[in-house]
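The structure appears below as structure tokens.
The values are calculated or read from the model by the stated rules, or taken from the named source; none is laboratory data. Please read these numbers as outputs of a predicted model, since none were measured by experiment. Glycine gets a Cβ as well: all are built from the backbone with ideal geometry, and neighbour counts include every protein chain shown.
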Amino acid sequence: MARRQEKRSDQLKRDDNAVGDAYPAAPAPSGAERGANPAPPQVYTPAEAAELLKVPESWLRKKAAQRAVPCTFLGKHLRFSAEDLHRIVREAGQAPVTGRRPRR
């Protein structure tokens with residue numbers, strides 16, 4: 001029985017070594033992780049975002065309140081990131097209407 005336990009512990013040791021070798025090395029840290037000061041993300045107020053999107057600010061605020069468009073709240077302040085604006089344009093795009101409407 002002692003032999004079986006030794007054999008089992010030897011197997012476990014080999015398995016542990018094999019598992020460690022099977023995973024790739026961790027990627028090198030990026031500049032932000034090395035201590036460099038990354039630029040803060042650009043955020044826009046509702047007025048700035050509405051101007052960029054060429055829509056009324058009231059429409060943008062209403063949609064944000066309904067959570068119908070991507071937005072970010074910093075505390076109680078509504079803001080839009082550049083990614084939020086891209087997603088609004090991407091998700092709100094509609095195919096143009098072609099053809100005629102049917103007659104009544």
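All but one of (1) modelled with pLDDT under 55; (2) surrounded by 10 or more Cβ atoms within 10 Å (Cβ to Cβ) hold for residue 47; state the number of the condition that does not hold.
Unmet for residue 47, out of (1) modelled with pLDDT under 55; (2) surrounded by 10 or more Cβ atoms within 10 Å (Cβ to Cβ): (1).
Which residues, taken from the range 56-98, are farther than 21 Å from residue 42 by Cα, hydrophobic (A, V, I, L, M, F, W, C) and outside any helix (DSSP H, G or I)?
68, 95, 97
Which residues, counting only those in the range 38-55, are within 22 Å of the chain's Cα centre (by Cα) and either of a type in the set (Lys, Arg) or not in a helix (DSSP H, G or I) (or both)?
38, 39, 40, 41, 42, 43, 44, 45
List the pairs whose first member sits in the range 41-68 and is more than 14 Å from residue 81 (Cα to Cα), whose second member is modelled with pLDDT of 95 or more and surrounded by fewer than 16 Cβ atoms within 10 Å (Cβ to Cβ), and whose Cβ atoms are under 6 Å apart, counting only residues at least 6 apart or on separate chains?
57/47
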